[in-house]
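The values are calculated or read from the model by the stated rules, or taken from the named source; none is laboratory data. Just so you know, these numbers come straight off a predicted model, no measurement behind them. With ideal geometry, Cβ positions are generated from the backbone for all residues, glycine too; neighbour counts draw on all protein chains shown.
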Amino acid sequence: MAETAKLVCLDCGSTNRVPVAKLGSGPKCGTCGAKLTDGKVRALDPATLQKAAKTDEAPLLVDFWAPWCGPCRMMAPQFQQAAQALAPHARLAKIDTQDHPAVSQKHNIRGIPALILFQNGREVARLAGARPAAEIEAFVRQNARMPA
Ligand code: ZN
């Protein structure tokens, strides 16, 4: 793995270059000061999603969800738990496909919840349906390149 990783700030969309060894010591965005790897699930807008999906060198798992989707709402606490477990080496975020229907089309989402894992500028894997935290975590660890 490279010594630094490019991470898009999920709050402001700026690209940051962070030493991999410092991912665990609370790196902050150079532009807005938001924490980059705090294990909190960020809600994305389409522009930030697109930029992070194309840029991030660390694994980024995105939950495509909607407020009307019961299984999505049920999975939310599990997804948050997985985000904590995978921090600081992978980041988890979500996007509301009701507010942003174009992203479903762009990513060819057929049903929600759908999880797409991005790393090094491309889609690595996807997982459909609501999953418990342990399965979400295992999915990322199996498909992403990250320190053990
Ligand atoms: Zn920022």
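How do the pairs read when you match residues in region 3-14 that are free of Cβ contacts under 8 Å to residues at least 12 places away in the same chain with residues anywhere that are near the ligand (Cβ under 8 Å from one of its atoms), using Cβ under 8 Å and keeping only pairs 6 or more apart or on different chains? Close Cβ pairs satisfying both conditions: none exist. Here L7 passes the criteria (1) within 20 Å of R122 (Cβ to Cβ); (2) in contact with a strand residue (DSSP E or B) (Cβ under 9 Å, 6 or more places away or on another chain); (3) within 9 Å of the ligand (Cβ to nearest atom) except the one numbered (3). If the condition is being among the basic types (K, R) and out of contact with any helix residue (DSSP H, G or I) (no Cβ under 6 Å at 6 or more places or on another chain), then region 1-53 contributes R17, K22, K28, K35, K40, R42, K51.
The residue that is farthest from A58 (Cα to Cα), among those in region 120-135 that are buried (at least 16 other Cβ atoms within 10 Å of the Cβ) and touching an Asp or Glu at 6+ places or on another chain (Cβ under 9 Å), is L127.
Contact annotation: residue pairs with Cβ atoms under 8 Å, 6 or more positions apart or on different chains, pairing a residue in region 97-111 that is among the aliphatic types (A, V, I, L, M) with a partner that is surrounded by 11 or more Cβ atoms within 10 Å (Cβ to Cβ) and in a helix (DSSP H, G or I), are A102/P46; V103/P46; V103/L49; I109/V103.
Of all positions in region 35-49, none carries a residue that is more than 16 Å from the ligand (Cβ to nearest atom), charged (D, E, K, R) and at pLDDT 95 or above. If the condition is being in contact (Cβ under 8 Å) with a residue 40 or more places away in the chain and assigned to a loop (DSSP other than H, G, I, E, B), then region 120-148 contributes N120, G121, G129, A130, R131, P132, A144, R145, M146, P147.
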